[in-house]
1. Of everything in the range 203-224, what is in contact with an Asp or Glu (Cβ under 6 Å, 6 or more places away or on another chain) and touching a residue at least 24 places away in the same chain (Cβ under 8 Å)? Give them in sequence order.
2. Considering the range 6-16 alone, what residues qualify as being under 21 Å from the mean Cα position of the chain (by Cα) and more than 9 Å from the ligand (Cβ to nearest atom)?
3. Sort out which residues of the range 157-178 are open to solvent by less than 50 Å² (accessible area, probe 1.4 Å) and farther than 22 Å from E49 by Cβ, and write them in order of number.
4. Return a yes/no flag: does the range 154-163 have any residue that is among the charged types (D, E, K, R) and at pLDDT below 95.
5. Is it the case that G3 is open to solvent by less than 20 Å² (accessible area, probe 1.4 Å), out of contact with any Lys or Arg (no Cβ under 8 Å at 6 or more places or on another chain), within 12 Å of the ligand (Cβ to nearest atom) and at positive phi?
6. Which condition breaks for T192 when tested against (1) open to solvent by 50 Å² or more (accessible area, probe 1.4 Å); (2) β-branched (V, I, T); (3) touching a Lys or Arg at 6+ places or on another chain (Cβ under 9 Å)?
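The values are calculated or read from the model by the stated rules, or taken from the named source; none is laboratory data. Here the structure is a predicted model, which means the values were calculated and not measured. Cβ coordinates were reconstructed from backbone atoms using ideal geometry, including for glycine residues, and neighbour counts include every protein chain displayed. These accessible areas exclude ligands, DNA and RNA; they are computed on the full protein's heavy atoms, side chains included. Shrake-Rupley method; radii C 1.70, N 1.55, O 1.52, S 1.80 Å.
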Amino acid sequence: MDGNGRWAKEHGKIRTAGHQAGAEVLKDIVKAADALGVKVLTVYVFSTENWKRPQMEVDFIMQLLGAYLKKEIPEFNANNVQVRFIGSRNGLPESVLEELDLVLQSTAKNTGIILNLAINYGGREEIVSATKKIVGAVQSGDLKVEDIDEKCFENFLYTGDLPAPDLLIRTGGDFRISNFLLWQLAYTEIWTTETYWPDFTPELLQTAVAEFGKRERRFGGLGN
Ligand code: FPP
């Protein structure tokens, strides 16, 4: 969800106003994704590197996130949205963790689209964390080294049982992965737009999905 700060600047507002506008847009995009038949929508809310931002901006995003999660529970439930979380709990404020746990618990039984929130998430951190869990499982005798393969490794990632993403949409015009789902994106199709996240629309989502539909995916093979 990139481009909030630049969107705010272009509108003569402070950066935090961009994050506020960005949070509002997410609601429409979740509904639009669901209507398009998307089963899992993962959004990059806050990276392990975003702590480097000015304290005031970090505090604002954390406060916005807590308030957003609290306010949206009825809407998530009305739309059968199951909210999940990927990232590290370490370092997240207690208030955010409380709201997060509440929304996870309140929506756990919903059977519609999965909204996977990447908060304090970093792809490298995720891989290191998975490695530590694997070493722990080997040391305790629950896992044999010879049983470690890609499938097994994947189960130790935050994404666990979720499928690898088919499509990555990056708003804001940059052409970078920015430490997002490093393992999972191996064969994901990438679509970028100059549009800043607060201006992202259901129509643009439709365009991205339609273009995805035209791609030939070979997964390293020769295709059809
Ligand atoms: C990237 O734009 C955005 C973030 C690092 C924060 C994302 C946060 C939100 C969309 C709001 C909170 C979300 C929820 C679900 C409540 P940027 O600040 O890097 O923009 P820039 O590249 O133009 O500076």
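1. Passing the criteria: F212, R215.
2. T16
3. Matches in the range 157-178: G160, L162, L167.
4. Checked against the condition, which is being among the charged types (D, E, K, R) and at pLDDT below 95, the range 154-163 yields at least one hit.
5. Yes: the conditions hold for G3.
6. Every listed condition holds for T192 apart from (1).
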